[in-house]
1. If you scan the range 1-20, which residues turn out to be part of a strand (DSSP E or B) and either closer than 19 Å to SER49 by Cβ or of a type in the set (Gly, Ala, Ser) (or both)?
2. Kindly indicate whether any position in the range 115-127 is assigned to a helix (DSSP H, G or I), more than 15 Å from ligand 1 (Cβ to nearest atom) and surrounded by 14 or more Cβ atoms within 10 Å (Cβ to Cβ).
3. For the range 21-38, name all the residues that are in a strand (DSSP E or B) and within 16 Å of ligand 2 (Cβ to nearest atom).
4. Can you pull out every residue in the range 39-82 that is away from ligand 2 (no atom under 16 Å from the Cβ) and among the aliphatic types (A, V, I, L, M)?
5. Take MET41 and tell me if it is in contact (Cβ under 8 Å) with a residue 12 or more places away in the chain, of a type in the set (A, V, I, L, M, F, W, C) and either in a strand (DSSP E or B) or not assigned by TED's automatic domain parsing to the domain that holds ASN115 (or both).
6. Give the residues of the range 2-38 that are without any contact (Cβ under 8 Å) to a residue 24 or more places away in the chain and at positive phi, sorted by residue number.
7. Consider only pairs whose beta carbons are under 7 Å apart and that are at least six residues apart or on different chains; among these, list those whose first residue lies in the range 69-83 and is in the same structural domain as LEU11 (by TED's automatic domain parsing) and whose second residue is modelled with pLDDT of 95 or more and among the small types (Gly, Ala, Ser).
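The values are calculated or read from the model by the stated rules, or taken from the named source; none is laboratory data. On a predicted model such as this, the values are computed, not experimentally measured, just so you know. We place every Cβ from the backbone using ideal geometry, glycine too, and count neighbours over all the protein chains shown.
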Amino acid sequence: MKNTILSAKGLFKSFAHNGGQIHILSHVDMELYEGDFTVIMGASGSGKSTLLYALSGMDRATAGQVSYGGKDLVKMNEKGLARLRHTDFGFIFQQMHLVSNLSLFENIAVPGYLNKNKSAAQVKERT
Ligand SMILES: Nc1ncnc2c1ncn2[C@@H]1O[C@H](COP(=O)(O)OP(=O)(O)OP(=O)(O)O)[C@@H](O)[C@H]1O
Ligand SMILES: [Mg+2]
């Protein structure tokens with residue numbers, strides 16, 4: 001029996017468009033399981049990135065639930081989402097968004113240095 005690590009229920013993401021609303025995500029139900037490697041496939045513009053943003057607390061869904069660690073990310077405040085992004089989620093973007101005056105090593109290490117519970121030596125080792 002696999003453990004569900006994250007689940008979405010009745011997820012909607014809508015944007016204002018031509019005086020109305022355009023639904024990029026509608027009625028999305030899904031579960032992700034601990035230890036799994038999951039791939040989301042779809043044509044360009046079909047909403048894969050939008051879904052990832054909603055599942056990871058990078059953006060908030062318009063309606064529905066995203067359950068993670070006993071909490072609903074759709075209802076979580078900005079501070080809670082920022083903490084979760086820092087401690088629990090890792091992202092590799094299509095555009096790298098690297099800080100250009102840092103080395104590759106430093107770019108990877110930066111979030112670690114923001115973690116007060118880790119020493120510089122631990123961050124270096126992990127990087
Ligand atoms: N902030 C926004 N405002 C309005 N429309 C948006 C916004 N963000 C995304 N969209 C639209 O939502 C749709 C889905 O975009 P999304 O980037 O999630 O697609 P994708 O599947 O990740 O595409 P790709 O494979 O090219 O990365 C697109 O039509 C896009 O134009
Ligand atoms: Mg995308």
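1. Start the filter on the range 1-20 by keeping residues that are part of a strand (DSSP E or B), which leaves 4-17, 20.
Scanning the range 1-20 gives LEU6, SER7, ALA8, GLY10, LEU11, PHE12, LYS13, SER14, PHE15, ALA16, HIS17, GLY20.
2. First pass over the range 115-127, keeping only residues assigned to a helix (DSSP H, G or I): 120-126.
Of the ones still in play, those that are also more than 15 Å from ligand 1 (Cβ to nearest atom) are 120-126.
Add one more test, that the residue is surrounded by 14 or more Cβ atoms within 10 Å (Cβ to Cβ), and what stays is 123.
The answer is yes; a qualifying residue exists.
3. Let us first name the residues in the range 21-38 that are in a strand (DSSP E or B), namely 21-33.
Hits for the range 21-38 are ILE24, LEU25, VAL28.
4. Filtering the range 39-82 for residues away from ligand 2 (no atom under 16 Å from the Cβ) gives 57, 60-82.
The answer is ALA61, ALA63, VAL66, LEU73, VAL74, MET76, LEU81, ALA82.
5. Values: in contact (Cβ under 8 Å) with a residue 12 or more places away in the chain: no; of a type in the set (A, V, I, L, M, F, W, C): yes; either in a strand (DSSP E or B) or not assigned by TED's automatic domain parsing to the domain that holds ASN115 (or both): yes.
Here the answer is no, as MET41 does not meet what is asked.
6. ASN18, GLY19, HIS27
7. The qualifying pairs are VAL74/ALA61; VAL74/GLY64.
A quick yes/no check of all residues on (1) among the basic types (Lys, Arg); (2) under 27 Å from MET1 (Cβ atoms); (3) within 16 Å of ligand 1 (Cβ to nearest atom); (4) at pLDDT 95 or above:
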| site | (1), (2), (3), (4) |
| --- | --- |
| TYR33 | no, yes, no, yes |
| LYS48 | yes, no, yes, yes |
| THR62 | no, no, yes, yes |
| SER67 | no, yes, no, yes |
| ASP72 | no, yes, no, yes |
| ASP88 | no, yes, no, no |
